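Read the structure below first, then the notes.
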Ligand code: 5GP
Ligand code: MG
């Protein structure tokens with residue numbers, strides 16, 4: 001069972017946070033875990049299936065609490081009190097793969113030669129199965145089906161080395177996109193993959209430091225943004241402060257463009273680009289590319305809102321909230337009755353009839369994955385009296401699988417099977433328009449240099465051998 005409202009979404013998406021407090025800065029025993037909690041709370045959009053926090057106390061003892069559900073459902077004040085220590089890491093996860101989901105929840109805590117380590121990971125390793133087979137041959141046992149456990153095992157293999165050196169060796173072994181936070185006795189570590197596919201940033205707290213997938217988590221906990229962790233960098237935070245190791249250097253950059261399109265929160269700035277600004281620019285570019293005649297511009301909230309504002313501003317067509325979103329969707333919705341299931345997207349979105357009735361609508365969304373949600377939304381708008389519905393999508397057709405942490409798979413991608421007219425017919429819109437790849441690049445800073453856009457053009461910055469790919473329909 002997944003999060004039923006998003007059941008049609010293939011994904012393996014996560015958010016991570018790490019907190020380090022200097023001894024003098026600790027006010028109450030569980031302050032690091034509490035800070036991590038608020039950080040995770042701000043990263044909730046990155047994963048709603050499970051949440052977890054691990055804290056390491058002064059004896060090097062790591063305690064973890066993780067469960068299925070939203071951050072606010074998994075943690076109570078009492079649970080947080082039970083996680084003492086001045087170093088903590090946290091994780092939110094959304095995955096529709098894997099059998100027993102709780103087993104796959106993070107952080108993972110393990111004990112090796114050098115003590116206990118808590119590990120949280122966002123991303124996906126393309127050579128995970130190969131590494132796992134190799135480790136299994138050497139005698140490793142696995143409790144989960146996550147690639148995070150493979151990382152833990154590799155670290156343990158290299159335990160004769162200092163943690164930093166073991167991490168460098170591990171980074172040489174693993175291929176793919178990853179952002180890791182790791183808590184060990186007296187140390188918090190952050191690691192980012194050599195191409196910077198997955199995001200990770202560093203902030204300063206009063207008397208400490210924080211690592212997080214997105215800068216919005218830093219804002220929430222009152223941390224000052226220092227910088228993004230560099231691609232291929234290991235940041236070690238301990239009593240000496242922040243030490244940076246350029247573990248794997250590459251001149252190439254491949255920041256995930258889907259973070260800007262859909263995944264990250266608009267108030268975050270990743271690798272120097274503000275997400276809201278990127279989305280608005282994509283919406284404005286889309287307006288220049290389409291030049292549609294209509295009465296109103298309506299976003300699919302929340303993911304389409306920034307692009308819709310950009311579209312409206314550029315086209316001069318008024319922005320209207322024509323769909324209301326229920327934002328209080330939690331685990332309570334995990335097993336609705338069949339009758340509720342049939343209501344589908346209605347549990348989450350409802351048209352504002354006064355706004356849409358009799359109107360020609362430009363409906364703006366960030367992306368189309370399967371097309372099933374878009375189809376329901378268009379049909380809902382028509383039932384509410386919309387005269388025309390033109391769907392404009394602020395990204396190009398998503399027609400290639402992601403292997404680096406977004407986990408959209410080819411068979412589920414409607415754009416891999418159908419051409420634009422076929423998708424339009426399936427969705428039932430009067431017209432359908434995607435942003436061009438060049439338009440997407442022009443909307444991003446640096447002219448779009450240094451991004452991974454494999455989900456749109458099939459050019460993979462980290463080779464994905466042995467996996468067959470199709471093209472756009
Ligand atoms: P579709 O019409 O493809 O069923 O749904 C489109 C919607 O899916 C868009 O509003 C977009 O924001 C959302 N979306 C895009 N990628 C993902 C993803 O990886 N996970 C989830 N949960 N939603 C996604
Ligand atoms: Mg959406």
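Coordinate-derived values only; no laboratory data. The model shown is predicted, which means the values in this text are computed figures rather than measured ones. So basically every Cβ, Gly included, is an ideal-geometry build from the backbone, and we count neighbours across all protein chains shown.
Considering the zone a paramagnetic label at residue 288 would reach in this model (a point 7 Å from Cα along the Cα-to-Cβ line), which residues of the range 359-392 have amide N under 20 Å from it?
Under cut-off, by backbone N: 364-366, 392.
Report the full-extension gain for the segment residue 113 to residue 267: residue separation times 0.36 nm, less the Cα-Cα distance, to one decimal in nm.
On the way: separation 154, 0.36 × 154 = 55.44 nm, distance 4.14 nm.
Working it through step by step, the gained length comes to 51.3 nm.
Would you mind ranking 149, 224 by Cβ crowding within 10 Å, fewest neighbours first?
Working: 149 24, 224 11.
Least crowded to most crowded, the residues run 224, 149.
Pull out a ≥ b ≥ c, the square roots of the eigenvalues of the alpha-carbon gyration tensor of the range 9-251, then state rounded if a/c is under 1.5, prolate if not and a/b is larger than b/c, and oblate in the remaining case. Don't skip to the answer; put the middle values down first.
On the way: a/c = 1.35, a/b = 1.19, b/c = 1.14.
Rounded.
Working out 0.36 nm times the residue gap between residue 204 and residue 145, then minus their Cα-Cα distance, what length gain in nm do you get to one decimal?
Numbers: separation 59, 0.36 × 59 = 21.24 nm, distance 3.42 nm.
My answer for the length gained is 17.8 nm.
Would you mind pulling out the separation of the Cα centroids of the range 199-213 and the range 72-89, in Å?
18 Å
Let me check I have the definition right: for the range 217-338, take the eigenvalues of the Cα gyration tensor, multiply each by 5, take square roots. What are those semi-axes in whole Å, largest first?
Working: eigenvalues 252, 100, 36 Å².
Whole-Å semi-axes of the equivalent ellipsoid: 35, 22, 13.
Could you tell me the largest-minus-smallest coordinate of the C-alpha atoms of the range 354-449 on each of the three principal axes, in descending order and whole angstroms?
Taking max minus min along each principal axis of the Cα atoms, the range 354-449 gives 43, 31, 22 Å.
Once you sort the root eigenvalues of the Cα gyration tensor of the range 222-264 as a ≥ b ≥ c, which label holds: rounded (a/c under 1.5), prolate (a/b larger than b/c) or oblate (the other case)?
On the way: a/c = 3.61, a/b = 1.36, b/c = 2.66.
Here the range 222-264 falls in the oblate category.
Between residue 327 and residue 446, how many nm apart are label points set 7 Å from Cα along the C-beta direction?
3.1 nm
For the range 158-268, what relative contact order do you get, as a whole percent, if you take Cα pairs closer than 8 Å and at least 6 residues apart? The partial results should precede the final answer.
On the way: 200 pairs, mean separation 27.9, N = 111.
Relative contact order of the range 158-268: 25 percent.
At a threshold of 8 angstrom on Cα-Cα distance, excluding pairs fewer than six apart, so keeping six or more, what relative contact order does the chain reach in percent?
Working: 1166 pairs, mean separation 66.6, N = 473.
Result for the chain is 14 percent.
Compute the separation of the alpha-carbon centres of the range 111-128 and the range 27-55 and state it in Å as a whole number.
The two parts, judged by their Cα centres, are 18 Å apart.
Neighbour counts of other C-beta atoms within 10 Å: give me 282, 171 arranged from fewest to most. If you can, show how the numbers build up before the last one.
Values: 282 27, 171 22.
With the fewest neighbours first, 282, 171 line up as 171, 282.
Given 20 °C and 1.002 mPa s, compute D for the range 151-252 with the Stokes-Einstein relation, Rh being the Kirkwood radius over Cα pairs; round to the nearest whole µm²/s.
Values: Rh = 13.9 Å.
Estimated via Stokes-Einstein, D reaches 155 µm²/s.
With the Cα gyration tensor of the chain in hand, convert its eigenvalues to equivalent ellipsoid semi-axes via √(5λ) and list them largest first in whole Å.
39, 23, 21
Could you work out [θ]222 nm for the chain from helices alone, using -39500 (n - 2.57) per DSSP H run of at least four and dividing by all its residues? Round to the nearest 500 deg cm²/dmol. Working shown, then result.
On the way: 17 runs with 135 residues, N = 473.
Mean residue ellipticity at 222 nm (helix-derived): -7500 deg cm²/dmol.
When only C-alpha pairs under 8 Å and at least 6 residues apart count, what is the relative contact order of the range 9-251, in percent? It would help to have the intermediate numbers written out before the result.
Values: 632 pairs, mean separation 53.3, N = 243.
So the answer I get is 22 percent.
Looking only at Cα atoms, what is the convex hull volume of the range 350-407 per residue, in Å³? If you can, show how the numbers build up before the last one.
On the way: hull volume 5.0 nm³, N = 58.
It is 87 Å³ per residue.
What percentages, rounded to whole numbers, describe P(r) for the range 273-457 computed over all alpha carbon pairs with 5 Å bin width beginning at zero?
Per 5 Å bin, starting at 0, the Cα pair percentages come out as 1, 8, 16, 19, 21, 17, 11, 5, 1, 0.
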